[in-house]
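A short worksheet on the structure shown next.
The values are calculated or read from the model by the stated rules, or taken from the named source; none is laboratory data. A quick note: this is a predicted structure, and the numbers were derived from the prediction, not measured. Cβ placement follows ideal geometry from the backbone for every residue including glycine, while neighbour counts extend to all protein chains displayed. Heads up: the accessible areas ignore ligands, DNA and RNA and are worked out on the full protein's heavy atoms, side chains in. Shrake-Rupley method; radii C 1.70, N 1.55, O 1.52, S 1.80 Å.
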Amino acid sequence: RVDVPLERKNLSSSMLLVVDKSYTGKRITNNFEVADGGISLVRGQDYIVTFKNNKNVGTATITFKGVGNYKSSVKETYRIKKRSVKNLTYTFDSKVTYTGKKKTANIIVENGTKTLIKNVDYTIRYRNNKEIGTAVAVIKGIGNYTGTKNITFKIVPGRPKITIESQRGSYALIRFSGVKSRTGYRLYLSKDPDFASGVQRFSTRTSKMILRGMSRGNVYFIRAKAYKRV
């Protein structure tokens, strides 16, 4: 019996498939495949890899070095592209209370598990964010991010304070206060504390109203909200 040594095969660029990736905030290490004649090679058994500049936007380098039955080294480059802000995760206040001053929506922007930093990864510009109605926040990517994303949120009247000034028989004088810039109030009356049934509805454009329709000997619950026509 004669032992004949086998010649190790050269690792070549034709065996490699390396693709561009968008920025993730982490080092990119999963954007390649290595195969020989349709058979996938095993990392650590047939080859090892090293990376350079593989986190931020720009040109990254990946080096494949053959081991085991393979030899030689091959370098490849690929692009890490800016990520569009349109495909990120946004958490924000969908409703904020009117105060007469410009409002923000407490926006948090996330790329996977990475929380982006304002004025480093993106900027925010607001439109129509003072008066009651629909406001817009314009997110613009900077640094490793690109593109724009519009987020809408509501500026709504505050919650009114309800005072029962007097009560006589089935009548009660209700006064509302504590709300700026409103058109009027809507009041809801029910014997059910959850307001799931038997709800009566009333509206007024003044700061007080006389509530009628209650029966003696019963307990009633009231809710009220301010509204504004825009």
Residues in the stretch 94-125 reached by a label modelled at residue 24 [backbone nitrogen below 11 Å; 7 Å Cα→Cβ]: 112-113
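Taking only protein heavy atoms into account and a 1.4 Å probe, give the accessible area per residue of the chain in Å². Kindly include the intermediate steps, with their values, before the conclusion.
Numbers: 14700 Å² over 230 residues.
Solvent-accessible surface per residue comes out at 64 Å².
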Per-q log10 I(q)/I(0), the chain, q = 0.07, 0.09, 0.12, 0.14 Å⁻¹ (Debye; single scatterer per alpha-carbon; no solvent): -0.51, -0.64, -0.83, -0.95
Extension gain (nm, one decimal) between residue 152 and residue 126, 0.36 nm per residue minus Cα-Cα: 8.4 nm
Most positive-pole-ward Cα, 122, 155, 145, against dipole of the stretch 58-159 from beta carbon charges: 155
Cα centroid separation - the stretch 127-178 against the stretch 1-55, whole Å: 56
GNM flexibility winner over the chain from 103, 114, 86 (Cα, springs under 10 Å): 114
Heavy-atom accessible surface of the stretch 71-167: percent carbon and sulfur, 1.4 Å: 44
Virtual paramagnetic centre 7 Å along Cα→Cβ of residue 181, amide N under 11 Å, in the stretch 89-129: 97-103, 128-129
